[in-house]
1. Would you mind giving the mean number of other chain beta-carbons within 10 Å of the Cβ of each residue in B:87-94, as a whole number?
2. Which shape class applies to region A:32-177: rounded if a/c is under 1.5, otherwise prolate when a/b exceeds b/c and oblate if not, where a ≥ b ≥ c are the square roots of the Cα gyration tensor eigenvalues?
3. At 222 nm, what helix-only mean residue ellipticity would chain B give, in deg cm²/dmol to the nearest 500, using -39500 (n - 2.57) for each DSSP H run of four or more?
4. Which of rounded, prolate or oblate describes region A:101-155 when judged by the alpha-carbon gyration tensor and an a/c cut-off of 1.5?
5. Can you tell me the 0 to 90 degree angle between the C-alpha axis of helix B:11-21 and the longest principal axis of chain B, rounded to 10?
6. Taking each residue of A:20-29 in turn, how many C-beta atoms of other protein chains fall within 10 Å of its C-beta, and what is the average?
7. Cα gyration tensor of chain B, axes a ≥ b ≥ c as square roots of the eigenvalues: rounded (a/c below 1.5), prolate (a/b > b/c) or oblate?
8. Ranking B:K15, B:K68 by Cβ neighbours within 10 Å, fewest first, what do you get?
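No lab work stands behind these numbers, since they all come straight from the coordinates. Small disclaimer: the values here were computed from a predicted structure and weren't measured. Please note: Cβ atoms are built from the backbone with ideal geometry, for glycine as well, and neighbour counts cover all protein chains shown.
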Amino acid sequence: MALSREEAAQALQEIASTERRSTTLRRYRGAAPHLMLWGVLWAVGYGLTEAIPARAGATWTVIVVVGIAAGTLMTFRQSDRTVGWRFAAMMATLVVFCIATLVIMAPIEGRQTAAFVPLVIAACYVIAGIWFGPRYVVAGVALAALTLGGFFLLRSYFFAWMAVVGGGALLLAGFWLTRD
Amino acid sequence: MSRADDIIHQPVRLKIMAALNALRPGEAIEFTRLKAIVAATDGNLGAHIATLEQAAYVTVSKDFNGRKPRTRIAMTRGGRRAFAQHVAYLRDILDGDPIKEGKV
């Protein structure tokens, strides 16, 4: 086989581009169950917050613990132990950051807390998307827009809005990530 | 060590091997997703996969996902080695190896 430099360069470019696409789709597939999990948890969490606002603290403590535990287990099954522990550390970091920020900003009302955390998550998705694929960017921007829209335009129904639309958006985004 | 591989170098097969190379060792990809990545038709993709399977570069497994039949393709260790050698061969050409360019 005798190839010119141009043919070799083109072949290498094709290889790089195909590997990139394959990696991106594999990452999307890996992330999809996590978004769907949190879509369900948000629907339950915000729904319970709407129904029993006095128990919001306990509700979200349980939701977050269940979410992190389930997500970590899924990651251990999908990948190896190192990745699983890194995932758990990442989630713990996010939780600590959110709690620390809310403590510093106190006193704030429940609605503000309920909007702040989704905005942090949305920012994380956009940052991930800048490096790993545009679908994360779209998911992050949509989540932020829905959160801000509900916060400013639906003051009395914000928790219900986040349960249905916020949770629904995460579920839909998760299904979208499974598509080729 | 670099080595040209005529089986791998065909455009569709090159993309198939590149797509599989991006997976973890032993990890398989579904036919439908490979088709989307490589942008080939069912028949075309199937024929090239058969060629790679005959060369023992890939393995093909068929099972059911619920009631839906599913075909998955994974690269073998030999396939990974052959692909790495072919990529090294291509890079040698870019680095100006006249033998590999067929000038000597």
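1. Numbers: counts 4, 0, 4, 9, 3, 1, 10, 6.
Average per residue, whole number: 5.
2. Values: a/c = 1.59, a/b = 1.33, b/c = 1.19.
Cα axes put region A:32-177 in the prolate bin.
3. On the way: 5 runs with 54 residues, N = 104.
Value at 222 nm, helices only: -15500 deg cm²/dmol.
4. Working: a/c = 5.04, a/b = 1.67, b/c = 3.01.
Oblate.
5. 70
6. Details: counts 2, 8, 13, 4, 2, 7, 8, 0, 0, 3.
Across the residues of A:20-29, the mean count of other-chain Cβ atoms within 10 Å is 5.
7. Values: a/c = 2.76, a/b = 2.24, b/c = 1.23.
Because a/c hits 1.5 or more and a/b exceeds b/c, chain B counts as prolate.
8. Final ranking by Cβ density, sparse to dense: B:K68, B:K15.
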